[in-house]
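K.L.:
The structure follows.
The values are calculated or read from the model by the stated rules, or taken from the named source; none is laboratory data. Every value quoted in this text rests on a predicted model; they were computed, and no experiment measured them. Cβ: placed from backbone, ideal geometry, glycine included. Neighbour counts: every protein chain shown.
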Amino acid sequence: MKRSGRPRAKDGSPRQRKTPGEQLREHRTVRLALSGRVISLAQLVGRSVRDTEGIPVGRVNDVVVRWDSGAAHPPVVGVLVRAGKRFAFLAVRDLILGQTGVRLRSAKLVVGSPIRRQGDVALAGDVLDRLVDVAGVQVVRAADVYLVHGVNGWEVAGIDVGLWALFRRLLPPRRSSPRPDRSIDWADLQAFVPPFDETALVDPGDPAASAGTTGSRVQLALDDPGKGASRGT
């Protein structure tokens, strides 16, 4: 018996192919659904921080995550805000994060001093434009960092090491998160390493130990740099 080449559904009936219009609408629906769940750090830094009435009270200076040995994708713990010449730390629970800026949830907030705690990583200061190493060899530059909204809230998804990601930072900021050029999953990053060859000082239980140290860099846990980067993901 000659079999039909048409794809079939689980019940055996012929599967209806989607028209170009249906595919376009489905693609647009997926993009709209993801637009509020993914944030480009490079596009977020410098955006306004507004109060509950929409009045600007400062600008985003950095996003802080907590990275320890048990976190493949470190959670966002707060945002460093600059207001004039002063800086303040706002906990993520008091904020609404978006690609176009940050909104305060309440007029009554506890504003903390920007103190670095153990395991803290300031993504703009510690990761953006830092070099990513494989076996001690400097290979790529982190041109962007991506945040994603998961089941437990905002967390860092990975870094973008593509040249286009670096170039688009010279362009006007977008209203939606740009698509990564060449991405590396944060789960593939092992730790920050100090600015010298003695990597034995890196504590596997505290991968953020050297974060913020001048000259420190991020190290891949993979042996092959080609495995960690993929284009257009």
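K.L.:
Test Ala42 against the stated conditions and say whether it is of a type outside the set (D, E, K, R), under 18 Å from Asp160 (Cα atoms) and part of a loop (DSSP other than H, G, I, E, B).
P.N.:
Details: of a type outside the set (D, E, K, R): yes; under 18 Å from Asp160 (Cα atoms): yes; part of a loop (DSSP other than H, G, I, E, B): no.
Criteria not met by Ala42.
K.L.:
Identify, please: which residue in segment 64-90 is touching a residue at least 40 places away in the same chain (Cβ under 8 Å) and under 14 Å from Arg116 (Cβ atoms) and is, among those, surrounded by the most Cβ atoms within 10 Å (Cβ to Cβ)?
P.N.:
Checking each candidate, the answer is Val65.
K.L.:
Go through the residues of segment 110-125 one by one and say whether even a single one is crowded, with 19+ Cβ neighbours inside 10 Å, modelled with pLDDT of 95 or more and assigned to a helix (DSSP H, G or I).
P.N.:
Looking through segment 110-125, at least one residue is crowded, with 19+ Cβ neighbours inside 10 Å, modelled with pLDDT of 95 or more and assigned to a helix (DSSP H, G or I).
K.L.:
Identify the residue in segment 126-181 that is in a loop (DSSP other than H, G, I, E, B) and basic (Lys, Arg) and, among all such residues, is surrounded by the most Cβ atoms within 10 Å (Cβ to Cβ).
P.N.:
Arg130
K.L.:
Hey, does segment 59-72 have a residue that's in a strand (DSSP E or B) and farther than 24 Å from Ala157 by Cβ? If you could, list the steps in order and put the result at the bottom.
P.N.:
Of all residues in segment 59-72, those in a strand (DSSP E or B) come to 59-66.
Adding the requirement that they be farther than 24 Å from Ala157 by Cβ leaves none.
The answer is no, given that none of the residues of segment 59-72 is in a strand (DSSP E or B) and farther than 24 Å from Ala157 by Cβ.
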